[in-house]
Amino acid sequence: MMKSIRFLHKWLSLVVAVQLVIWLSSGLFFNLMDHDKASGNQYRQRVNSLLVIDHQMLVEPKLGLLDKQSQSLKLISLLDQPYYLFNHQQALYRHLPNSYSLMNAYSGELMVIDESMAIDIAKTSYKGGSGGIDIASVKKLSPPIADIPKEQNVLWQININDEAYTSIYLDAGSGKIIGHVNDDKRFADFFFMLHFMDYGSVGNFNNWQIIFFSLLMLVLSLTGFIWVIDLARKGRYRVTKG
Amino acid sequence: MVVFDIDYIHGDSLINEEQSAIDNKQIHYGFKDLFIDYPLAENVELSTFMDVGVYRFTQQTKHGKTQIMLDANTGVQFPALNENMAIKLAEYYYQGKAKIAEATLLKDTAPAELSSRHLPVWRIDFDDFAFSTLYISSSSGKVVTRRHQFWRIFDLMFTLHVMDYEEGEPDNSLLLWFALFALLAVFSGMVLTYYRVLKGSFSKSKKRTAANHKHDNNIEQGA
């Protein structure tokens with residue numbers, strides 16, 4: 001019995017060793033890292049809308065204009081203009097597939113967020129750079145999106161030319177700022193990927209390889225624990241020189 | 001933790017995702033009317049409350065932000081949810097088949113699993129296998145959060161995982177020292193593995209001397 005436990009322990013240690021180092025060192029990294037930096041929000045600012053709705057100018061939302069039914073409709077503001085945001089397919093979470101339409105609440109016109117509008121919205125959320133904001137490139141991305149693995153909607157990506165390589169993401173349907181991602185966040189996310197063994201980058205830890213390795217790890221620690229008890233029982237742990 | 005689907009843990013399957021569409025014919029009270037009656041309204045949303053068109057919005061008052069819900073047909077404000085309505089609503093949202101075990105109105109204090117900004121809230125406990133609970137805001141009629149036993153266990157396990165017995169964040173010094181000692185243990189274990197498993201098995205028959213053998217036995221027995 002003890003012989004096979006020792007055998008198991010020794011050979012499992014060989015298989016699990018490298019992963020164990022990865023788990024522990026990435027865990028240590030999360031313990032020590034600067035959480036503000038890792039959030040990616042170094043240059044993010046709240047979008048303060050000072051918009052006061054002038055109800056005289058308000059046009060009622062024309063639900064009939066849209067060919068799809070709406071489950072909810074919100075009065076929002078984008079770039080200091082009021083808009084009706086229709087949600088045709090409201091998912092449980094924002095990052096799951098949603099379907100939107102936007103209508104200017106003063107003119108009643110339907111609107112789609114184009115590149116220049118995406119840039120303007122992104123700018124309102126960015127506070128860095130003394131000499132203004134230097135935009136490196138703008139792209140419309142369909143999921144999967146490397147920086148935001150959970151996202152399932154089409155996003156505008158506005159890449160900023162700053163030392164942190166900030167990318168600003170906003171939902172192409174609703175214009176909502178999804179987040180800022182910079183190299184500090186990408187660095188932390190890389191460690192999360194390692195910690196979760198999420199090599200397919202789906203953004204969670206429900207994968208077969210981590211289940212497999214954690215089971216091996218469990219057996220390794222149980223066999224080690226039994227071995228320790230066995231040695232202690234035999235009086236092998238002594239402080240004095242044996 | 002890794003075996004359980006995280007979406008299941010977050011109770012995504014507890015809630016009925018289907019929502020009814022807004023019926024234009026039901027709406028005779030417009031956004032304009034709303035802003036005339038409530039000039040300070042913020043975050044105005046038109047949606048449904050059990051198939052009835054409603055406006056929901058917040059309004060800044062002396063006592064902080066308050067949630068208001070209006071009938072989109074008449075503009076009449078809904079009273080705070082009573083027990084019957086809360087139960088009806090919970091049954092409407094709940095995906096399972098179990099009966100409701102208890103409905104409690106939480107007015108002033110929220111349990112740890114509910115943020116106190118949602119108060120006042122109806123806590124609806126279901127008599128199901130997972131001890132599911134829905135928390136429904138009594139002012140907006142929305143399910144603000146949900147919990148079941150597996151999620152509660154998961155939270156506990158996460159606390160153990162990051163060894164934080166105070167705040168639930170993975171940046172405490174207890175974890176730091178345990179991680180450092182564990183790394184030390186792993187590296188010494190790797191040295192042992194190298195000598196005992198790798199070198200041991202691949203050169204066993206060739207160069208193993210008796211002295212070597214004795215040395216190995218000592219290591220094995222922890223002396």
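The values are calculated or read from the model by the stated rules, or taken from the named source; none is laboratory data. Because the structure is a prediction, the values reported are computed rather than measured. Here Cβ is always computed from backbone atoms with ideal geometry, including for glycine, and neighbour counts include all displayed protein chains.
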Every residue from region B:1-14 that is under 22 Å from B:V143 (Cβ atoms), at the interface with chain A (Cβ under 7 Å from one of its Cβ atoms) and buried (at least 16 other Cβ atoms within 10 Å of the Cβ): B:D12
Selection from region A:167-183 of residues that are closer than 14 Å to A:T124 by Cβ and more than 12 Å from the chain's Cα centre (by Cα): A:I168, A:L170, A:G175, A:K176, A:I177
Residue satisfying all of: in region B:163-184; assigned to a helix (DSSP H, G or I) and more than 9 Å from every other protein chain (Cβ to nearest Cβ); surrounded by the most Cβ atoms within 10 Å (Cβ to Cβ) among these: B:F178
Contacts under 8 angstrom Cβ, first residue in region B:30-45 being more than 11 Å from B:Q60 (Cβ to Cβ), partner acidic (D, E), 6 or more apart: B:G30/A:E60; B:F31/A:E60; B:K32/A:E60
Hits in region B:48-66 (condition: out of contact with any helix residue (DSSP H, G or I) (no Cβ under 9 Å at 6 or more places or on another chain) and of a type in the set (A, V, I, L, M)): B:V54
Checklist (1) of a type in the set (A, V, I, L, M, F, W, C); (2) in contact (Cβ under 8 Å) with a residue 24 or more places away in the chain; (3) touching a strand residue (DSSP E or B) at 6+ places or on another chain (Cβ under 9 Å); (4) within 15 Å of B:S137 (Cβ to Cβ) applied to B:M50, failing item: (3)
Pair list, Cβ under 6 Å, 6 or more apart: region B:113-135 residue surrounded by fewer than 19 Cβ atoms within 10 Å (Cβ to Cβ), other residue among the hydroxyl-bearing types (S, T, Y) and not in a strand (DSSP E or B): B:P120/B:S138
Those residues of region B:32-91 which are in a strand (DSSP E or B), under 29 Å from the mean Cα position of the chain (by Cα), more than 26 Å from B:I15 (Cβ to Cβ) and more than 14 Å from chain A (Cβ to nearest Cβ), in sequence order: B:G64
Selection within region A:164-209 - of a type in the set (S, T, Y) and either assigned by TED's automatic domain parsing to the domain that holds A:M111 or in contact (Cβ under 8 Å) with a residue 60 or more places away in the chain (or both): A:Y165, A:T166, A:S167, A:Y169, A:S174
Among (1) at the interface with another protein chain (Cβ under 7 Å from one of its Cβ atoms); (2) within 30 Å of A:W227 (Cβ to Cβ); (3) of a type in the set (S, T, Y), the one test that A:S26 misses: (1)
Residue within region A:96-117 that is within 22 Å of A:G200 (Cα to Cα), surrounded by fewer than 18 Cβ atoms within 10 Å (Cβ to Cβ) and not charged (D, E, K, R) present: yes
Qualifying residue in region A:10-32 (condition: of a type in the set (G, A, S), surrounded by fewer than 17 Cβ atoms within 10 Å (Cβ to Cβ) and in contact (Cβ under 8 Å) with a residue 12 or more places away in the chain): no
Single condition A:Q45 does not satisfy, out of (1) more than 8 Å from chain B (Cβ to nearest Cβ); (2) surrounded by 15 or more Cβ atoms within 10 Å (Cβ to Cβ): (2)
Index of the failed condition, B:L160 passing every other in (1) crowded, with 19+ Cβ neighbours inside 10 Å; (2) not assigned by TED's automatic domain parsing to the domain that holds B:A80: (1)
Which listed residue is more than 15 Å from the chain's Cα centre (by Cα), under 24 Å from A:S70 (Cβ atoms) and aliphatic (A, V, I, L, M), from A:A136, A:A118, A:A164: A:A118
